[in-house]
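The values are calculated or read from the model by the stated rules, or taken from the named source; none is laboratory data. For clarity, every value in this text was computed on a predicted model and none was experimentally measured. Cβ placement follows ideal geometry from the backbone for every residue including glycine, while neighbour counts extend to all protein chains displayed. Quick note on the areas: whole protein, heavy atoms, side chains included, nothing else; ligands and nucleic acids left out. Shrake-Rupley method; radii C 1.70, N 1.55, O 1.52, S 1.80 Å.
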Amino acid sequence: MTLEMIDGDGPQAGSAAAATPDRRAFLMALGGVALALAGCAPQDRTGEADPGPAQPATPAPDGVAQDPAGQGAEDTLLSAIDRRRSIRAFADDPIPDADILQMLWAAQGITHQDAGFRAAPSAGALYPLETYVATTEGVRRYIPRRHELEAAGDSDIRGPLAVASLGQMFIAQAPAVFVINAVYARTEGRYGDRGRRYVHMEVGHAAQNLSLMAVHQGRGSVMIGAFIDADIRRLLGAPAEEDPLYIIPVGTPG
Ligand SMILES: Cc1cc2nc3c(=O)[nH]c(=O)nc-3n(C[C@H](O)[C@H](O)[C@H](O)COP(=O)(O)O)c2cc1C
């Protein structure tokens, strides 16, 4: 890893997925997902699966915000896409946990309570991503099924995260630094080598959702792809099976 790799254009990207497409495996897996969907679809009085479109999320379990998308989300999507810009200077005003959770919901929150489907698509609905947030309070991991943050460490690691990101020290100024890790085995277990490519696509979906939610909240972010994987994993206290893929510092543009 060298400084030239800042902006994520290092050789890692090219070496990740050299596998031959396994179309048969993909179609079989898709069939499996279709069956799973049919199995969890609402039944009408004749016992047949309801063929209608999926309904919006059913009432959330206790403790889960009823409307994490926020009021007027539909009115601001175009504006958020238009206004998103990489931000590398942040004011130091803290981000309330409700807003942190809203960004994590956009990235990995459950939006279909029955099936457990999430805000970002996932090949085979296997969900290989694990998300963390580092603040002055320490490190916390997002638990999608409870829409909660779980303590993962007491130390403020934003400075060390910046150092491990080849010295991109603006990361340390952001009041919230999100990290998205992946467990490749979850997706490779079904799709083989091709699964690695799918995981990389998925982290892009999740990260973009998070960054657009940041804009919706009046904040900004930048995608960080240049860092030392082992250092980031150690700082998070993440298990060896997790590979860090993206760091996303978020804050009010400073
Ligand atoms: C995969 C990827 C990795 C990136 N890595 C970094 C990085 O390590 N440091 C950084 O400052 N910006 C990084 N960026 C942000 C780009 O520099 C930025 O998106 C680009 O300059 C376009 O500007 P915009 O995001 O404002 O449209 C990364 C972007 C992507 C998509």
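Brief remarks follow.
- Other-chain or far-sequence residues with amide H under 5 Å of residue 182's (modelled H): 130, 243, 245
- GluC sites (Glu not before Pro) lying in DSSP loop within the stretch 181-250, provided at most 14 other Cβ fall within 10 Å: 241
- Rolling a 1.4 Å probe over the protein chains gives residue 136 an accessible area of about 100 Å².
- Over all other residues within a Cβ to Cβ distance under 11 Å of residue 149, the charged ones net out to -1, with Lys and Arg as +1 and Asp and Glu as -1.
- Distant-in-sequence amide H partners of residue 118 (H built 1.01 Å from N, under 5 Å): 111
- Cleavage-rule hits, trypsin sites (Lys or Arg not before Pro), the stretch 77-137, DSSP coil, Cβ neighbours within 10 Å at most 15: 85
- Karplus (6.51, -1.76, 1.60) ³J(HN,Hα), θ = phi - 60°, over the stretch 215-228, in Hz, Gly and Pro reported as x: 5, 4, 7, x, 10, x, 8, 8, 7, 10, x, 9, 6, 8
- Net charge contributed by nearby residues that have their C-beta within less than 13 Å of residue 240 (K/R +1, D/E -1): -3
- Using the 1.4 Å probe convention, the accessible area of the stretch 197-254 works out to 35 Å² per residue with neighbouring protein chains retained.
- ³J(HN,Hα) computed for each position of the stretch 126-138 - Karplus, 6.51 cos²θ - 1.76 cosθ + 1.60, integer Hz, glycine/proline x: 9, 6, x, 8, 10, 10, 10, 9, 10, 9, 4, 6, x
- Under-5 Å amide H pairs with residue 155, H placed in peptide plane, nonlocal only: 139
- Dimensions (Å) - the stretch 54-251, Cα atoms, principal axes, largest first: 46, 41, 32
- Computed about the Cα centre, the dipole magnitude for the stretch 54-251 is approximately 560 debye when only Lys and Arg (+1) and Asp and Glu (-1) carry charge, each at its Cβ.
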